[in-house]
Structure formats: structure tokens, C-alpha cells
1. Tell me, yes or no, whether the stretch 279-300 has at least one residue that is modelled with pLDDT under 95 and on the phi > 0 side of the Ramachandran plot.
2. In the list Glu315, Glu283, which residue meets the criterion of being closer than 22 Å to Asn182 by Cα and outside any strand (DSSP E or B)?
3. Only one of these is more than 19 Å from the chain's Cα centre (by Cα), among the charged types (D, E, K, R) and within 18 Å of Ile359 (Cβ to Cβ): Lys32, Lys41. Name it.
4. I need the full set of residues from the stretch 210-224 which are closer than 14 Å to Lys245 by Cα and open to solvent by less than 10 Å² (accessible area, probe 1.4 Å), in order please.
5. Scan the stretch 291-328 for residues that are open to solvent by less than 30 Å² (accessible area, probe 1.4 Å) and either of a type in the set (D, E, K, R) or farther than 30 Å from His116 by Cα (or both) and jot them down.
6. Condition first: touching a residue at least 12 places away in the same chain (Cβ under 8 Å) and either part of a strand (DSSP E or B) or of a type in the set (Lys, Arg) (or both). Now tell me which residues in the stretch 1-32 satisfy that.
7. Mind checking which pairs have a first residue in the stretch 352-364 that is over 15 Å from Leu17 (Cβ atoms) and a second that is open to solvent by 50 Å² or more (accessible area, probe 1.4 Å), Cβ under 7 Å, 6 or more apart or different chains?
8. Please count how many residues of the stretch 225-246 are more than 28 Å from Val48 (Cα to Cα) and surrounded by 21 or more Cβ atoms within 10 Å (Cβ to Cβ).
Amino acid sequence: MKVIHVVCNPSTGVLSLITSLVAEQSKSKDVKFSLMVIYDKTININEVDSSFVNFDVKKIYSPLKINTIFYFVFYILSRFFTFFNQKNTFYHFHNAQMSAAFLNKKNQNNSLITIHGFPAYDSFMNNKKSIVRKLHFLFFKRILLERLIVSSVDYLSLEKIKKCFGIDLTNSFIVPNCCNLNLPTVSSNEMRNIIKFVFIGAIDENKGISKIVDVFNQLGENYELYIFGSGEQLYSLIDNNVDNKKIFFFGNVQRSEVLKLLPLFDVYISFSHTEGFSMSFIEALASGLSVITTDWGDVRNYIDNNGYVINRNEEDLKRHILKFFENDRDILNEMKGESIKIFQQNLSPLIVSEQYQVIYEKSK
């Protein structure tokens, strides 16, 4: 049996997930795992090549921009042509619209669709007459009618689809994301006088970075805040915080380099309005960082004694940041150790690949 993971214009987060997952799955001697990347000129193919250097990967270039209209064209064409029909092959699609667009009844039983969050939810709910929303409705309707198998990285994504389109994807499973087990980890024996916080993500309103910075500007404690990412608010934030020598902006740093730096920090901060299943969150747990996060996706399932789930307001954020200064360093190190345990028990490639394997077997 062969299993081919299929991705279109993968983000750095999806690249991280796929490489971790396939590296673990490829340890199986009974199944051959490989990758297919469908991409257009907007993607950095060199980044893809460097991520997949150790994997069997087939690349397909699309002269058309890969967007909702692209998928809709194939949605129509797939009624007449079968695009994925290799014998004894199971296709694992990492995009719901792509799966519904490419598949037809001839191969609906040898595929799995993975939904990596539903970031368009808010815009669709605010504009229910948009053409893009109507096209997405057709995609999800097809998934339902043809009883395609679906996995989602969290329950919330399935609930958003149900609320947005009135569609309940009943033939579905929940399987979280994962990341590489070989990330460097924090040394719990290292004693630091300064508590180092880190934010990784887009510098925009959804991620709430300006509010995070505002809160830290109110603190007199011995902290440092490191910010990795680019976006519409980056330069204004830099200009407005030149006098604060404890906040550091690094802009768009290559993901592999950020991962090497994670053990230097103590606490990972997420203040997002909405998320799919943040890879940086998983990578922070794997590297042994404690966490402060707002309540997006299924994040509560991965916060126990390793951090705090907070309300999305500045008062609650400040209150929970101060808790790290109220506790002694031993408590913080214990929290960081709990993050590693939670990752190993729930989000490691071994755990996640085993869950997918169960679905593959059910789908035969």
C-alpha cells in the first residue's frame, strides 16, 4: 500500500507538520509514504525543496493561481475526470477545498481530508452573500454528500463549518497537529534572573501583538519580550517602542532559525482572536516553554500545569503575566517540564501518526 500526502502551496506551518508526520510514518515497512506538492508562482519552491530534502516528493507546477476559483474549476472538471486514481494508493489531502475539488466517486473511498482550521470563518459570517463563501459551501456540501472521510486538527473547526454552512461533517475524526521530536529543549537546571517571553506570528490585529506590547510597557518587572514575525503593524510598533530596551523585534526570521532559539525563552504568548492549530504553539511545548494563550481551537486540551488560558483582554493578560513573577523559578521550571510531557503524550509525531494510521486502516 502507498500513502501520498497531497498539499497545495503549503505554508511553513504545514511544511513543518508534513515533514514531521511523514518522517515518523516512513518508519513503517509495510506502507510507502510519499508527498505531492501542487504549487504556483506565489510559493517559495526553494523553501519547499529544503524542507523535503529527505523525502520522496513529486512537484506539480500550476500556471493558474491556486485559490478558490482554481479549486472550483477542478470541482467541475472532476465530474468528468479522475485526478487521483493510482491503484493501491491512499491519498491524504491537507486541504478540504482541494479534496472536494479533485475527487470524484471513483476514488472517494481511498482518501482522507484534513482540515487545518477554518480561518475564513469570521469573514464568511460577516458577508454571507460573498461568492467565495458560496463556493466553499459547494465544497463542503460535496464532502458531505459523497461521505468523504475528514479529520480536523480541532473540534472548533468542525463546529465553525457546521455553524457557517449548516453542514455537519459526521464522518470525521479529530487528530491534532504535531512537530519534530528533535527540537532543542530548555534546560530546567538553568537559573535566570530575567523571565524571557516570546511571541511568534503575524504582526497584525488578529494576533493581538499591539495589546501584548501595551501590557509589557506597563510592567516594571525584570522581563524581556522577543517578537518574531512581520506584518502591517511591525514598523509602527518598532517606532512606538524605541525607548523600551526590554522589547526586541526581529521581523521575518526563517522558521528553522527561530526553532533553534526557542530554548532561550521561558514563556510563549499567544493572544490571537482565532487560530487554526498554531504550529508555533506546538513547537513551544516541544521545546519546553510555559504558555499564556487565549482560548482558540482546542488549546485548553494542552494546557494543564504548564501555563494559563486567558480571556482576550489586557487586564487578564497582565494579571497572568504577573503570576510568573509571583512564583519562584522552581515553579516556572516545573511548568516548562509539564509542557514537554504534554507534547510527548499528545502532539508528538509518533502519537499523531498512530491516530492517522487507524483512519487509514478503517478506510481500506
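The values are calculated or read from the model by the stated rules, or taken from the named source; none is laboratory data. Just so it is clear, the model here is predicted, and its values are computed rather than measured. Glycine gets a Cβ as well: all are built from the backbone with ideal geometry, and neighbour counts include every protein chain shown. Only protein heavy atoms, including side chains, enter the accessible area calculation; ligands, DNA and RNA are left aside. Shrake-Rupley method; radii C 1.70, N 1.55, O 1.52, S 1.80 Å.
1. Yes.
2. Glu283
3. Lys32
4. Val213, Phe216, Tyr223
5. Residues satisfying the conditions are Asp298, Asp316, Phe324.
6. The answer is Lys2, Val3, Ile4, His5, Val6, Val7, Cys8, Lys32.
7. Partner pairs satisfying both residue conditions: Ile359/Phe173; Ser363/Asn109.
8. Selection size over the stretch 225-246: 1.
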